[in-house]
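See below for the structure under consideration.
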């Protein structure tokens, strides 16, 4: 005595749905029964009908590499997205070329924004009296402390950061020399 059970689907059923159903069969029917051993059903052995491509691939090779790592719905979406990978990479390459200059500009702008204030103070030194020079020196000392507290940059840009501090010190020296008449 023998029995055979077949699962049949309409040809319009999407491939992902067929694969999902076939993946669920061992969970539902894998424990065996009166006429079959454990793990014997489902099987593609003794099939007279045409086997769906997705069912054949699953019974022949098992889960895909993505399905072993991710849940089915994630693996299925990643599998569909691989078609878009080449156009996506084509679009991302110019984007990455623009990200690096934008990063450099952002970091340098943290440093260079102080130069407007330093230049403004430097230009006012020549037309200032001795009392104003003492105020300017105090303002420059305060500006230097403010720069040190507010400007945090990566080590790569520390040279430019210290150049700013040297320039502030240079303007302080110029103001002190102007006040003494040297």
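The values are calculated or read from the model by the stated rules, or taken from the named source; none is laboratory data. Predicted model, so just to flag it, every value in this text is computed and none were measured. Quick reminder, even Gly has a Cβ in these numbers, built from the backbone with ideal geometry, and neighbours come from all protein chains shown.
Key figures for this structure:
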| item | result |
| --- | --- |
| Neighbours by Cβ (under 7 Å, 6+ apart or cross-chain): first from the stretch 79-104, at pLDDT 90 or above; second exposed (fewer than 10 other Cβ atoms within 10 Å of the Cβ) | none |
| Yes/no for residue 148 being without any contact (Cβ under 8 Å) to a residue 24 or more places away in the chain, surrounded by fewer than 16 Cβ atoms within 10 Å (Cβ to Cβ) and under 29 Å from residue 103 (Cα atoms) | yes |
| Residue among 73, 114 that is in the same structural domain as residue 58 (by TED's automatic domain parsing) and either on the phi > 0 side of the Ramachandran plot or part of a helix (DSSP H, G or I) (or both) | 73 |
| Number of the condition not met by residue 141 [criteria: (1) over 34 Å from the mean Cα position of the chain (by Cα); (2) assigned to a loop (DSSP other than H, G, I, E, B)] | (2) |
| Test set (1) in contact (Cβ under 8 Å) with a residue 40 or more places away in the chain; (2) surrounded by 14 or more Cβ atoms within 10 Å (Cβ to Cβ); (3) not assigned by TED's automatic domain parsing to the domain that holds residue 19 - residue 172 fails condition number | (1) |
| Filter result for residue 81 (assigned to a helix (DSSP H, G or I) and in the same structural domain as residue 66 (by TED's automatic domain parsing)) | yes |
| Residue check, residue 142 more than 30 Å from residue 57 (Cβ to Cβ) and without any contact (Cβ under 8 Å) to a residue 24 or more places away in the chain | yes |
